[in-house]
Amino acid sequence: MRTIKFRVWDKQNKEMINLREAECATTMGSHFAIVFEEYGHTIDGDKEYFDRFELMQYTGLLDKNGREIFERDVVSFQSEHNPDAHYRAVVEWSNDNAGFHVNINNGQAYSLIFDEIQVIGNIFENPELLNQES
């Protein structure tokens with residue numbers, strides 16, 4: 001069974017909030033609540049209020065260094081078909097494939113199931129990583 005975890009990017013304060021297992025994030029249509037025990041309160045409101053937050057789910061996978069891979073992480077990896085080709089991409093959820101994947105610039109989607117993937121940052125704290133050569 002996969003561990004369900006979330007983290008939250010606070011757009012207003014420009015900080016990543018990692019939710020512990022005792023904390024939770026739930027969604028119901030255009031309404032969701034985030035419980036931050038560390039902060040001693042629950043943030044609960046409508047979608048307009050929550051435009052401030054970006055909710056990211058843990059994929060259930062670890063990178064080659066044992067680091068947890070979340071949605072919106074920037075990862076570095078080699079092509080399965082061309083070992084000399086290195087890529088950087090963002091981890092995304094695909095409704096079409098019912099799973100997490102990465103898209104590279106040429107439009108190809110790659111599964112996260114290979115050994116050499118490495119988390120190098122995320123799109124909120126490290127947006128410049130996608131503009132650099134790997």
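The values are calculated or read from the model by the stated rules, or taken from the named source; none is laboratory data. All figures in this text were calculated on a predicted structure; none of them were measured in a lab. Neighbour counts are summed over all protein chains in view; Cβ atoms, including those assigned to glycine, are modelled from backbone coordinates with ideal geometry.
Summary table below
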{"read-out": "Selection within the range 95-134 - of a type in the set (Gly, Ala, Ser), at pLDDT 80 or above and surrounded by 12 or more Cβ atoms within 10 Å (Cβ to Cβ)", "value": "Gly99, Gly121"}
{"read-out": "Among the residues listed as Phe36, Phe50, the single one being at pLDDT below 85 and crowded, with 18+ Cβ neighbours inside 10 Å", "value": "Phe50"}
{"read-out": "Residue in the range 59-68 that is under 15 Å from Met16 (Cα atoms), at pLDDT 80 or above and basic (Lys, Arg) present", "value": "no"}
{"read-out": "Inter-residue pairs, beta-carbon under 7 Å, first closer than 15 Å to Ile69 by Cβ and in the range 1-27, second among the aliphatic types (A, V, I, L, M) and modelled with pLDDT of 80 or more, 6+ apart", "value": "Phe6/Leu55; Phe6/Met56; Arg7/Met16; Arg7/Ile17; Arg7/Met56"}
{"read-out": "Checking Gly45 against (1) assigned to a loop (DSSP other than H, G, I, E, B); (2) of a type in the set (Gly, Ala, Ser); (3) modelled with pLDDT under 80, the condition it does not meet", "value": "(1)"}
